[in-house]
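The values are calculated or read from the model by the stated rules, or taken from the named source; none is laboratory data. This structure is a prediction, so every number in the text was calculated from the model and none was measured. Neighbour counts run over all protein chains shown; Cβ positions are idealised from the backbone, glycine included. The accessibility values were calculated without ligands, DNA or RNA, using every heavy atom of the protein model including side chains. Shrake-Rupley method; radii C 1.70, N 1.55, O 1.52, S 1.80 Å.
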Amino acid sequence: MMSSRSAVSPAGPVERADPPSPLSSAGIIFDGDRDGPFGAARLLFRRFATLSLVELQKLRHDRVELYTRAVQPALWLLVFGVTFSRIHAIPTGSVPYLDYLAPGILAQSALFISIFYGIQIIWDRDAGVLAKLMVTPTPRTALVAGKAFAAGVRALIQVAVVLLLAALLGVGLTANPLKLVGAAVAVLLGAAFFSCLSIVIAGLVLSRDRLMGIGQAIMMPMFFASNALYPVSIMPSWVRVVSYLNPLSYLVDALRGLLIGTHGHLVLDFAVLTGSAVLTIIVASALLGRLAR
Amino acid sequence: MSIEQSVRAPSSASSGDPPAPPALAVRGLTYRFGGHTAVDAVDLDLAAGEILGLLGPNGAGKTTAIRAVVTLLRPAAGSVRVFGMDAVRYPIRARRLIGYVPQMLSADSGLTGRENVALFAGLFDVPRRQRRARVNEALAAMGLTDVADRLARTYSGGMVRRLELAQALVNAPRLLILDEPTVGLDPIARDSVWAHVHRLRAEQAIAVLLTTHYMEEADALCDRVALMHTGRVRVTGVPDELKAAIGARTSLEDVFRHHTGDALEGGGGGDFRDVQQIRRVASRAG
């Protein structure tokens, strides 16, 4: 049924740069409209800023959720991390295992908090909020990017809690503010990718339950087939391939390089993270019309 | 604002000025879900300062038609012009003229009333310096000043509906589109919504397109009605004239029956009973 629907009407209204308004001759001036090559980019950025601000307001009204969400990654570090560093089973070279693991858990918390973010879009859809937003002069990419930003901020707050805990456990973290900012950017990008991936799934399956199922199904493989818990070098070769295709690995690599000072591939990491975030934002925006139907 | 001032003149002015474009001109609007034609070659006209009610039972295609008009759905055929602007080709531009309240009660429950309205002021580029005043005005106009800083999830149904109207109005839209604005509201909230809509029309010459299946309500409150059935507009006109045309002491329901005739009196009478049932459910929900 879905496919027959989309066969008739493949996409929502196409949003293109607007022409000079026939209404401007009637004395109606559109504030904020700057037609021309930069008009679309300007509009996108303004809307992104507005929507991001609103996401921060929402966060302010609902802080409890953030703290309870930090429990799970904290336990990973405390229970799994502390135990495994006693076994000395995982070859991490000169780096203590807990130090090696900490960035992996930071990346994991970004993944776990973001991978179900598409549920927010389905809620917004079910509540009619999405349709209302889509009838404002707002590019769909800005709506998606606003959600991605929200996921990023939530991930950042959680990461800060875990980072604090890691420091208390004696993990040797950098104190270089530039590197910390770099790590924050990496977390934002990673969360943007995971949350938009989630919105893409939401746009395809159109239901909360199915999104939950798929989210569960991909979350753990993404986590285990990455370099979060152990070095890629000890993986069977086919898992290694998955790990190289997995953006989570690049997030972990970037965080390790910035926070612990292991040898990273920062340029590649940030290129992959930025590219995958942008790509999923574009795909998710294209699927938003399906959700509004 | 200059927008409001420049619009005062109704488009029906019979002077020698070049005629202003109508608030809404829909021609041959068609939308299909798969093989099912939900909206079938619908024409609608709406002048500034006019209230047009789109009437019909559930499943008649009212909501789908509205969603195509507000640029949420891309029509399979036909044109939608909002004050002369081609809304199919230039949806972003057309949206600036439209205030839309969907059928569902849909304010963001995680934000306060004020934040909900401020968000829409931002999304419609209300100038930053005017924003606070315009948000306050919109809240005051809907009688929400006292509760503006409470989270919207604490609002009653009627309050959410008024909040949605405030959101839709903060942009000073020229065309207000309301999908079943009073469904699920108690009679007092319903009267209040209608009072607000009429005041907007009187004060700002705003054009209003709304859908409803409350026939009596439409009869009393709309300037013109378009009766829709199985995707088509069967008849459009002033309620009193439509009634007079089929006889004395008739109601809009009779008009509806008259124009959709066989479908209702024959075997396919389910549609109208459907409406009655929905009405009961709606009043219970309210």
Inset, instruction - Work out how far the C-alpha atoms of the range B:50-149 reach from end to end along every principal axis, then list the three figures in whole Å, largest first. - result: 44, 31, 29
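Per residue of B:100-111, what is the mean number of Cβ atoms on other protein chains within 10 angstrom of that residue's Cβ? List each step's numbers first, then the result.
Numbers: counts 5, 3, 7, 2, 6, 2, 9, 4, 8, 5, 11, 6.
Per residue, the average neighbour count from other chains is 6.
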Inset, instruction - Count, for each residue of B:68-76, the Cβ atoms from other chains sitting within 10 Å of its Cβ, then give me the mean as a whole number. - result: 4
Legend entry - Net charge, residue A:153 excluded, C-beta distance under 14 Å - Lys, Arg +1, Asp, Glu -1: +3
Inset, instruction - Would you calculate, for chain A, the mean residue ellipticity at 222 nm contributed by helices, counting each DSSP H stretch of 4 or more residues as -39,500 (n - 2.57) and dividing by all residues, to the nearest 500? - result: -22000 deg cm²/dmol
Inset, instruction - Pop out the ³J(HN,Hα) list for the range B:62-68 in order, Karplus 6.51 cos²θ - 1.76 cosθ + 1.60 with θ = phi - 60°, rounded to Hz; leave Gly and Pro as x. - result: 4, 5, 5, 4, 4, 5, 6
Legend entry - Whole-angstrom gap from the range A:75-109 to the range B:192-233, using each part's C-alpha centre: 65 Å
Inset, instruction - At 1.4 Å probe size, with no ligands or nucleic acids counted, give the accessible surface of residue A:100 in Å², nearest ten. - result: 20 Å²
Legend entry - Length added when fully stretched, residue A:61-residue A:239, from 0.36 nm per residue minus Cα-Cα: 59.9 nm
Legend entry - Efficiency of FRET between residue B:249 and residue A:126 - r from beta-carbon atoms, R0 45 angstrom, step 0.05: 0.55
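About the Cα centre of chain A, what is the dipole size in debye to 20, counting +1 per Lys and Arg Cβ and -1 per Asp and Glu Cβ, all else neutral?
About 300 debye.
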Legend entry - Order of exposure, largest accessible area first, which applies to A:206, A:255 with probe 1.4 Å: A:206, A:255
Inset, instruction - Would you look at the GNM of chain A, springs on alpha carbons closer than 10 Å, and say which of A:179, A:58, A:147 moves the most? - result: A:58
Inset, instruction - Enter the buried accessible area of the B/A pair, total of both sides, probe 1.4 Å, in Å² rounded to the nearest 100. - result: 4500 Å²
Legend entry - Sites residue B:240 and residue B:195, calculated FRET efficiency, Cβ-Cβ separation with R0 30 Å, nearest 0.05: 0.90
Legend entry - FRET efficiency estimate (nearest 0.05) - Cβ-Cβ, residue A:283 to residue A:75, R0 41 angstrom: 0.75
Inset, instruction - Tabulate in residue order the Karplus-calculated ³J(HN,Hα) for the range B:157-169, using 6.51 cos²θ - 1.76 cosθ + 1.60 with θ = phi - 60°, rounded to whole Hz; enter x for Gly and Pro. - result: x, x, 5, 4, 4, 5, 4, 5, 5, 4, 4, 5, 9
Inset, instruction - Give me a single rounded figure for A:132-144: the average over its residues of other chain Cβ atoms within 10 Å of their Cβ. - result: 6
Inset, instruction - Compare A:119, B:246 by solvent-accessible area with a 1.4 Å probe and give them largest first, with all protein chains kept in place. - result: B:246, A:119
Inset, instruction - Can you grab the distance from the C-alpha centre of the range A:161-238 to the C-alpha centre of the range B:41-83, Å, no decimals? - result: 45 Å
Inset, instruction - Run the 1.4 Å probe and let me know the accessible area of residue B:40, rounded to the nearest 10 Å². - result: 40 Å²
Inset, instruction - Express in % the proportion of alpha carbon pairs of the protein assembly as shown at distances exceeding 47 Å. - result: 23 percent
Legend entry - Max mean-square fluctuation residue, GNM over chain A, Cα-Cα springs under 10 Å, options A:172, A:264, A:128: A:128
